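Peer 1: Mind having a look at this structure? Questions to follow.
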Amino acid sequence: MAAAQKGDGMRYRRLLEQIRPWLKRYFGARLPPAMVDDAVQDTLVALHEKRNSYDPTRPFGPWLVAIARYKWIDRLRALRRSEALPISDDIAIEDHGAAVQRATTLEKLLAELKPAQAEVIRLVKVHGFSVEEASAKTGQSVSLVKVNIHRGITRMMIAAQRQVQLDG
């Protein structure tokens, strides 16, 4: 640090590189993992800002520990301020049951189709690909993609009607 105060940038960078692992261990033992890197950075910035206050006739270690301790206390205060609020039991939560039911029904209907039909229906009707894009992806001609979609949807409608009759 004394060399850094005299303008030796290379030795100052080496000092910062050497204290970084110690700071990571110091904060790693005292703070949640998500806060460690920020605390290390804060300490390095504080050390840089206060480097002119270091007295070269005194040991560097205790001076560094004092700065790290203050930054640790700052982080603890921040933790206390950002305590999580308890979650109420009456928070409205969107019900996804109907969407899951529809997706399950769709998959059951698609499973009754020929694989080529199910594939192009998924691409065009579910994922939003164009008929031309589905043709390129599957190797089917554009007209075959259209035929497979039409025939597949027709088979799905018949299967769905059959299921309604069985359930009703």
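The values are calculated or read from the model by the stated rules, or taken from the named source; none is laboratory data. This structure is a prediction, so every number in the text was calculated from the model and none was measured. Methodologically, a virtual Cβ is constructed for each residue, glycine included, from the backbone with ideal geometry; neighbour enumeration extends over all protein chains shown.
Peer 1: Hey, can you tell me all the residues within the stretch 150-163 that are aliphatic (A, V, I, L, M) and within 17 Å of Ala103 (Cα to Cα)? I'd like the intermediate steps shown before the answer.
Peer 2: The first filter runs over the stretch 150-163 and keeps only residues aliphatic (A, V, I, L, M), leaving 153, 156-160.
Those that are aliphatic (A, V, I, L, M) and within 17 Å of Ala103 (Cα to Cα): Ile153, Met156, Met157, Ala159, Ala160.
Peer 1: Mind telling me which of the residues Thr104, Thr57 ends up being in a helix (DSSP H, G or I) and at pLDDT below 95? Before you say what the answer is, go through the steps one by one.
Peer 2: Values: Thr57 fails: in a helix (DSSP H, G or I).
Thr104 is the lone residue from the list that is in a helix (DSSP H, G or I) and at pLDDT below 95.
Peer 1: Further, regarding this structure: Please report, ordered by residue number, the helices (runs of 4 or more DSSP H) entirely within the stretch 1-51 with at least 1 residues that are among the aliphatic types (A, V, I, L, M) and either modelled with pLDDT of 90 or more or within 13 Å of Trp72 (Cβ to Cβ) (or both).
Peer 2: 9-28, 33-49
Peer 1: Let me ask another. From Gln165, Gln140, grab the single residue that is polar (S, T, N, Q) and buried (at least 16 other Cβ atoms within 10 Å of the Cβ). Full working, then the answer.
Peer 2: On the way: Gln165 fails: buried (at least 16 other Cβ atoms within 10 Å of the Cβ).
Sole residue among the options that is polar (S, T, N, Q) and buried (at least 16 other Cβ atoms within 10 Å of the Cβ): Gln140.
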